[in-house]
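Worksheet: one structure, shown below.
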Amino acid sequence: MKELENLKEKILKEYPRFGLQDKFCFECGPHVSCFNECCSDVNIFLTPYDVLRMRKALNLDSTTFLSKYTIVPIEKSQKLPVPLMKMDDSERKQCHFVDNEKGCTIYGDRPWPCRIYPVGSASPGETEVTQEQFYFLMEEEHCKGHEYSTEWTIEEWLKDQGTEPYAEFGELFKRVTLNPGFAAGKDLAPQQIDMYWTALYDLDKFRRFIFESSFLKRFEVDDDELDRIKNDDEELLRFGFKWILFSLFGEKRIKVKPEAEKWIKGKDVKPTGKND
Ligand code: SF4
Ligand code: SF4
């Protein structure tokens, strides 16, 4: 994690900043001599939407995917847990999803960092209010894609790589991770961290929490929304963000039922599935 902090500092200080209309040259695919070189021994941190897409592509429930394919590095300075993709046990430490001939076997659902590479995005500010996003180019020695002359603007590249839904969920994620409460020194209790993990990453457990606990006796959710979150994981994740902004940061995004207000005061809400 220290390495990543140092890299972030270097990017902010030294890397040329690109805007959406700035251009670069790049090609990637089975024709490049370095095909798959970037799919081993690499740190890939996953957003909630990455996990949703990957585990659906693999037809796995969220709890199984997280335990089988991710680890969560623990750092004292970190406010929130972020899952890191596990590499396999081979000497090369390859990604579990790479096929030496075909490349990425979950290509349509590959996570954000794999998707936008060799472009990266960063924000100099510590909160959502102060951040101004910019793009930068990663030029690593092993990556020969930079030797080709196909020209892209950053905007064309992002569109070509199918980043649109990732951008929507990325904005929601920033509202949580760059919440002004953290810049003001807020720390979350273990139970709140557990809730964060459940509502944003472990969506099958979150769905059970909503439908199998007393949640719906205490919070107003209209029938249409309820129907959507029952059947659609993306809607469930949108609701998860609302719930986290409400339950951890006090934003008025969810309505408490009048009969439950007394109960809610001073009581934490646990994602156990049974919460009476
Ligand atoms: S998810 Fe796909 S693109 Fe990303 S490292 Fe693994 S095989 Fe490579
Ligand atoms: S190293 Fe670069 S060019 Fe080679 S496969 Fe990876 S992204 Fe493509």
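Structural remarks
- Scanning region 24-46 for residues that are in contact with a helix residue (DSSP H, G or I) (Cβ under 8 Å, 6 or more places away or on another chain) and of a type outside the set (A, V, I, L, M, F, W, C) returns Glu27, Ser33, Asn43.
- Filtered by the rule that a residue be surrounded by fewer than 20 Cβ atoms within 10 Å (Cβ to Cβ), part of a helix (DSSP H, G or I) and of a type in the set (A, V, I, L, M), region 237-259 gives a lone residue, Leu245.
- Among residues of region 77-98 that are farther than 28 Å from Asn179 by Cβ, those with a beta-carbon under 6 Å from a residue that is of a type in the set (Gly, Ala, Ser) at least six positions away or on a different chain give the pairs Arg92/Ser40; Lys93/Ser40; Gln94/Ser40.
- Of residues in region 194-248 being closer than 20 Å to Phe173 by Cα and among the small types (Gly, Ala, Ser), the one farthest from the chain's Cα centre (by Cα): Ser247
- Only one of the numbered conditions (1) modelled with pLDDT of 95 or more; (2) loosely packed, with under 14 Cβ neighbours inside 10 Å is not met by Arg110, and that is (2).
- Cβ-Cβ under 9 Å pairs, at least 6 apart or on other chains, region 137-153 side within 16 Å of ligand 1 (Cβ to nearest atom), far side hydroxyl-bearing (Ser, Thr, Tyr) and modelled with pLDDT under 95: Met138/Tyr15
- Matching helices (runs of 4 or more DSSP H) fully within region 127-230 where at least 2 residues are surrounded by 15 or more Cβ atoms within 10 Å (Cβ to Cβ) and aliphatic (A, V, I, L, M): 154-160, 164-177, 190-200, 203-212
- Options Glu171, Glu139; residue that is modelled with pLDDT under 95, within 16 Å of ligand 2 (Cβ to nearest atom) and either under 18 Å from the mean Cα position of the chain (by Cα) or of a type in the set (Asp, Glu) (or both): Glu139
- You will find that of Ser123, Ser90, the residue that is more than 16 Å from ligand 2 (Cβ to nearest atom) and either within 27 Å of Asn59 (Cα to Cα) or touching a helix residue (DSSP H, G or I) at 6+ places or on another chain (Cβ under 7 Å) (or both) is Ser90 and no other.
- Hey, Phe206 over 16 Å from Val82 (Cβ atoms), aromatic (Phe, Trp, Tyr) and in the same structural domain as Lys255 (by TED's automatic domain parsing) or not: yes
The values are calculated or read from the model by the stated rules, or taken from the named source; none is laboratory data. Nothing here was measured: the structure is a model prediction, and the numbers come from that model. When we count neighbours, we look across all protein chains shown, and the Cβ atoms used for this are built from the backbone with ideal geometry, even at glycine.
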